[in-house]
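Read the structure below first, then the notes.
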Amino acid sequence: DAGVIQSPRHEVTEMGQEVTLRCKPISGHNSLFWYRQTMMRGLELLIYFNNNVPIDDSGMPEDRFSAKMPNASFSTLKIQPSEPRDSAVYFCASSVSGGIDYGYTFGSGTRLTVV
Amino acid sequence: GIQVEQSPPDLILQEGANSTLRCNFSDSVNNLQWFHQNPWGQLINLFYIPSGTKQNGRLSATTVATERYSLLYISSSQTTDSGVYFCAVGAPGGATNKLIFGTGTLLAVQP
């Protein structure tokens with residue numbers, strides 16, 4: 001099992017540009033989470049999906065952020081337009097919902113720098 | 001929403017020492033997990049432990065749900081244990097596996 005796969009690992013972009021982060025969850029996991037980590041705010045849940053359906057997007061900072069999960073093996077987090085305050089590490093995690101163990105597996109993260 | 005507090009905020013140990021990290025939470029939980037974030041930023045799941053006690057090698061964890069706290073024990077610490085330890089909880093009423101993270105304990109193990 002390759003684990004949760006995120007791409008790219010690093011992204012540097014100019015303010016105003018569109019940024020797309022990608023995540024492939026572990027096969028068989030039916031819950032997917034997007035978190036953002038900053039020094040000031042720690043780990044924040046942005047949005048999560050159960051069975052490809054967005055359940056709670058209350059953590060999405062504003063309309064510039066959007067997330068999709070078109071199928072069980074792929075999700076994207078898009079920022080348009082990007083701003084310097086969006087600079088952070090973005091993590092994707094997956095787990096099994098409804099099973100005995102709800103342990104999360106995190107991807108390696110995408111370090112986003114907006115200049 | 002539920003509050004998660006971790007203590008101590010940071011800790012320095014000599015290699016071989018033991019330590020106890022604490023996680024307090026403000027409401028009932030149906031999900032509690034401990035994570036280690038290594039110096040390279042990778043988040044590793046250590047335990048899923050909404051109640052009871054578990055052990056994995058030099059690490060063990062205990063959650064007393066009725067008293068709203070969990071403890072992570074590290075014995076015979078090694079330099080590779082350095083990093084940030086996070087406690088994360090999920091509350092009843094929401095989706096079972098939606099986790100809220102504490103602010104972490106920064107651990108430095110010196111040789």
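Taking every alpha-carbon pair under 8 Å whose residues sit at least 6 apart, chain B reaches a relative contact order of 37 percent. Amide H contacts under 5 Å for residue A:55: A:48, A:49, A:50, restricted to partners 5 or more places along the chain or on a different chain, H placed in the peptide plane at 1.01 Å from N.
Model label sites at residue A:27 and residue A:78, defined 7 Å from Cα along the beta-carbon direction, differ in position by 2.8 nm.
The alpha carbon radius of gyration of chain B, expressed as a multiple of 2.2 N^0.38 Å, is 1.02. Residue B:110 sits among other residues whose Cβ lies under 14 Å from its own Cβ, and their net charge, with Lys and Arg +1 and Asp and Glu -1, is -3.
Would you mind giving the total buried accessible surface between chains B and A, with a 1.4 Å probe and ligands, DNA and RNA left out, rounded to the nearest 100 Å²? Before the final figure, lay out the partial values.
Values: alone 5920 and 6410 Å², together 10810 Å².
Between B and A, the summed buried area is about 1500 Å².
Per-residue mean of other chain beta-carbon atoms within 10 angstrom of the beta-carbon, peptide A:40-46?
On the way: counts 0, 1, 7, 12, 2, 5, 0.
Across A:40-46, the average partner-chain Cβ count within 10 Å equals 4.
Legend: translational diffusion of chain A by Stokes-Einstein, Rh = Kirkwood radius over C-alpha pairs, 25 °C, 0.890 mPa s; D = 174 µm²/s. Ordering A:81, A:16, B:12 by the projection of their Cα atoms onto the charge dipole of the protein assembly as shown, which places +1 on the Cβ of Lys and Arg and -1 on the Cβ of Asp and Glu, puts B:12 at the extreme positive end. Around the Cα centre of the protein assembly as shown, unit charges on the Cβ atoms of Lys, Arg, Asp and Glu (plus for the first two, minus for the last two) sum to a dipole of about 300 debye. Remark on residue B:49: its backbone amide H falls under 5 Å from those of B:32, B:33, B:34, a criterion applied only to residues 5 or more positions apart or on other chains, H modelled at 1.01 Å from N.
Which FRET efficiency value, to the nearest 0.05, is calculated for residue B:66 and residue A:44 with the Förster distance at 45 angstrom and r the Cβ-Cβ distance?
0.95
At an R0 of 45 angstrom, the distance between the Cβ atoms of residue A:87 and residue B:30 translates into a FRET efficiency of 0.85. The 3J(HN,Hα) values that the Karplus relation (6.51, -1.76, 1.60; θ = phi - 60°) gives for the range B:30-35 are, in residue order, 10, 7, 8, 9, 10, 10 Hz. Gly and Pro appear as x.
For the range B:46-111, the relative contact order works out to 24 percent when only alpha carbon pairs closer than 8 Å and six or more residues apart are counted. For chain A, the solvent-accessible area works out to 49 Å² per residue, with a probe of 1.4 Å and every protein chain left in place. Contact order, relative form, for chain A: 37 percent (alpha carbon pairs under 8 Å, 6 or more residues apart, mean separation divided by residue count). Of all the options A:64, A:36, A:85, the one that moves most in a Gaussian network model of chain A with Cα springs shorter than 10 angstrom is A:85.
Work out, in µm²/s and without decimals, the Stokes-Einstein translational diffusion coefficient of the range A:1-54 at 37 °C, 0.692 mPa s, Rh from Kirkwood over C-alpha pairs. Answer from the Stokes-Einstein relation: 249 µm²/s. Electrostatic tally near residue A:17: other residues with Cβ closer than 12 Å to its Cβ, Lys and Arg +1, Asp and Glu -1, net -3. For a Förster distance of 25 Å, can you work out the FRET efficiency between the beta-carbons of residue B:10 and residue A:12, rounded to the nearest 0.05? Efficiency for this residue pair is about 0.25. Scanning residues 5 or more positions from residue A:83 or on other chains, those with amide H under 5 Å from its amide H are A:16, with H placed 1.01 Å from N in the peptide plane. Projected over every direction and averaged, the convex hull enclosing the alpha-carbon atoms of the protein assembly as shown yields 12.3 nm². In this Cβ point-charge picture (+1 for Lys and Arg, -1 for Asp and Glu), the range B:1-81 has a dipole of about 200 debye about its Cα centre.
Between the C-alpha center of the range B:1-70 and that of the range A:1-46 there is a gap of 24 Å.
The values are calculated or read from the model by the stated rules, or taken from the named source; none is laboratory data. Model, not experiment: these values are computed from the prediction. Note that we place each Cβ from the backbone using ideal geometry, even for glycine, and neighbour counts take in every protein chain shown. Accessible surface is based on the protein model in full, side chains and every heavy atom, while ligands, DNA and RNA are left aside. Shrake-Rupley method; radii C 1.70, N 1.55, O 1.52, S 1.80 Å.
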